Amino acid sequence: MRAAGGGPGCGCKGIRSCLLCEGPAPAAPPPQGEDNFTYCPATGLAKGNEHSEFAGWAFPFPGVFLVEEFISEDEECEIVELMDRDDWKPSQSGRKKQDYGPKVNFKKQRLKADGFTGLPSFSRKIVAQMKACSVLSGFLPVEQCNLDYTPERGSAIDPHFDDWWLWGERLVSLNLLSKTVLSMSCDSEDTIQLSPTCSKGQLSPPGSLTQTSACRNSGEEGIEGVVPPRLVPSKEVTVAVHLPRRALVVLQGDARYKWKHGIHRKHIENRRVCVTFRELSAEFSAGGRHEELGKELLEIALSFQGRPV
């Protein structure tokens, strides 16, 4: 097996790899499981995909907030043009990055504000627009990370949790240049209770007599009956959250702390740029142990005079 890293422009380390370091010989791509549920923004449900064993079943999937067309096409072009004036640094798994934030050692839980000059000037308008979203009330970003994905590099990002020692409740990402899919997975030993869906795509009320989607998918045409809930291991469930171009997505609650998020290589069809904003955790906020340091970081961040660190 070829060791990761070392290719021109490659930033991979350890077990991670991309098309730049996998070499010219055909290589199996990283594991890319099939999502078997899809998140529905209109209902807040994760619904079983049509050709999966979970077709006709669903469960509540809280913690995802999606705003389509958060910015205009002209604003998108301007933002990406301004980003491209600065260097993109090679990162893991075929990505490139630009960081605007303090230098952090998450393992040792240490950080330095040295070199951090704030968020970039073009983000001032984006942050101001966030105030129109009720779910982002009081959101004060202290860090911004721009990630660049392309299919030519085999860009992807492994399922992961964002740190919660420094970063707070809400993760906010703006999806630019192309659509993609955020795949949500769970390592918990818990089970998930699935409920059958009715013809309108809603969960069937408990104990109701109806011909559910689950009945139809089992071939029981014309039969009305009570379909009991179904328990499945959390590890067997992967939820696809479709991100349209120029959409803003917020992860909080269970979607932030229980479910890992990642993007498979196959879901990068064209160049994609993701802008992620993070807020401070309680430890660095008012009343927290590092409140004063948090104030200093916020003052720097919200000056909007930053350059990539």
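The values are calculated or read from the model by the stated rules, or taken from the named source; none is laboratory data. Predicted model only: the values in this text are computed from it and were never measured. Cβ atoms come from the backbone with ideal geometry, glycine included; neighbour counts cover every protein chain shown. We work out accessible area using only protein heavy atoms, side chains counted, and drop any ligands, DNA or RNA first. Shrake-Rupley method; radii C 1.70, N 1.55, O 1.52, S 1.80 Å.
One table, with the values for the structure above:
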{"read-out": "Flag if residue 266 is in contact with a His (Cβ under 8 Å, 6 or more places away or on another chain) and closer than 26 Å to residue 18 by Cα", "value": "no"}
{"read-out": "Strands (runs of 3 or more DSSP E) wholly inside region 119-190 containing at least 1 residues that are of a type in the set (Phe, Trp, Tyr)", "value": "141-149, 167-176"}
{"read-out": "Sole exception among (1) open to solvent by 40 Å² or more (accessible area, probe 1.4 Å); (2) touching a Phe, Trp or Tyr at 6+ places or on another chain (Cβ under 9 Å) for residue 305, by number", "value": "(2)"}
